[in-house]
Amino acid sequence: SWAQASQSPSALASHFLSIEGCFAAAARPMRRLQTAAGEAYCSSGIKPTNGTVCCAASCGTCGGSGCGSRPGGSLRCCVSNIHKEAILCQNATQVACNIPQGSTTSTQAYCAGTHQAEDATLSGVIRAYAHSGFSGSGYGDYQNSSSAFIQWTLDSCAGGAYNVSFRYALEYGNRSLALLVGTDTINSNVSFPSTGGWDSWSEIAVAVRLPAGSNSITLLAIGYSGGNVDKVTLAKADCDGTYQAEDATLSGVATMSSGSGFSGRGFADYQNR
């Protein structure tokens, strides 16, 4: 009979080690997969950082704060409005359209990468740009100490383990926020300690698992107004999966295949006490 050890090192006589993901202190760079076909889209327009839509060149910037007031209006300059219209790009010159999945980005890249706070859904949070050092066109500034939130909608994700990194600034104290994926609370108290000033930015990373398909990530105020949030960066954890013990480096441990019930070609049997 086989059981799976979850914490104690002494319990590693299990037949395999299941690694749910390798999570670094900061997210690794996004792996964007380019194809020749993808280059055929949006040559006459401009794309946001995540490359999911094509805005009109007259917008100057694709998405971000004030996108609806730019030449062309919200239907040609705002990422969320273009997503809602659900018009797919058909050629290089078409704008105000969604770039077909699998052209400039893979399914994984649609979800992985950087997503600006000012482009997210905000409630009890304002788009601001008073302090320096932010990326994009601004940042999210929490106004309420409870129920305020920033919610990023991720159109298409490859399921699995992700490193989720939040860039923020906080002058003093520690203003914790709850982290939700969809409607599920992943962490009810994510610590956001002081960065030393409103113009000093830092990152905290959290390990999460995302189901395949559409997802949302929410930072919810839980009694603190929250720091200023610049963006969230997602990176797929490349080592997500199952690794057989018999394929690992062994010392004082023998590879065995007697008996039944193991997976792979055997299991690791500790020889030394």
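Taking 51 Å as R0, compute the FRET efficiency from the Cβ-Cβ separation of residue 199 and residue 90 and round it to 0.05.
Rounded to the nearest 0.05, the efficiency is 0.70.
Run the accessible area of the range 119-273 with a 1.4 Å probe and give the carbon-and-sulfur part as a rounded percent.
Here it works out to 45 percent.
For residue 236, list the aspartates and glutamates whose Cα falls under 15 Å from its own Cα; do not include residues on the same chain fewer than 8 positions away.
By straight Cα distance, residue 236 reaches 20.
Test of understanding: extend the Cα→C-beta vector of residue 129 to 7 Å, then name every residue of the range 52-83 with backbone N under 11 Å from that spot.
61, 64-67, by backbone N distance to the label point.
Place +1 on the Cβ of every Lys and Arg and -1 on the Cβ of every Asp and Glu in the range 195-245, take the dipole about the Cα centre, and give the residue among 202, 215, 228 whose Cα lies farthest towards its positive end.
The Cα lying farthest towards the positive end belongs to 215.
Enter the accessible area per residue of the range 136-273 (Å², integer; probe 1.4 Å; all protein chains in place).
45
Counting pairwise Cα distances across the range 104-255, what percent come out greater than 27 angstrom?
Of all Cα-Cα pairs in the range 104-255, 28 percent lie more than 27 Å apart.
With an 8 Å Cα cut-off and a minimum separation of 6 or more residues, compute the relative contact order for the range 132-216 in percent.
Numbers: 143 pairs, mean separation 34.4, N = 85.
That works out to 40 percent.
If I model a spin label at residue 273 and residue 257 as a point 7 Å from the Cα along the Cα→Cβ vector, what separation in nanometres do I get?
Distance between label points: 3.0 nm.
When we measure straight from the Cα of residue 47, which lysines land under 19 angstrom away, once same-chain ones fewer than 8 places off are left out?
84, 231
Working out 0.36 nm times the residue gap between residue 265 and residue 61, then minus their Cα-Cα distance, what length gain in nm do you get to one decimal?
Length gained between residue 265 and residue 61: 67.9 nm.
Round to the nearest 0.05 the FRET efficiency obtained for residue 216 and residue 43 when R0 = 41 Å and r is the Cβ-Cβ distance.
Numbers: r = 32 Å, r/R0 = 0.77.
Calculated transfer efficiency: 0.85.
Taking the Cα-to-Cβ direction at residue 75 and at residue 249 and moving 7 Å from each Cα, how far apart do the two end points lie in nm?
6.2
Calculate, for residue 171 and residue 121, the FRET efficiency according to 1/(1 + (r/R0)^6) with r their C-beta to C-beta distance and R0 25 Å; round to the nearest 0.05.
It comes to 0.45.
The values are calculated or read from the model by the stated rules, or taken from the named source; none is laboratory data. Source: prediction; values computed, not measured. When we count neighbours, we look across all protein chains shown, and the Cβ atoms used for this are built from the backbone with ideal geometry, even at glycine. Heavy atoms of the whole protein, side chains included, go into the accessibility calculation; ligands, DNA and RNA do not. Shrake-Rupley method; radii C 1.70, N 1.55, O 1.52, S 1.80 Å.
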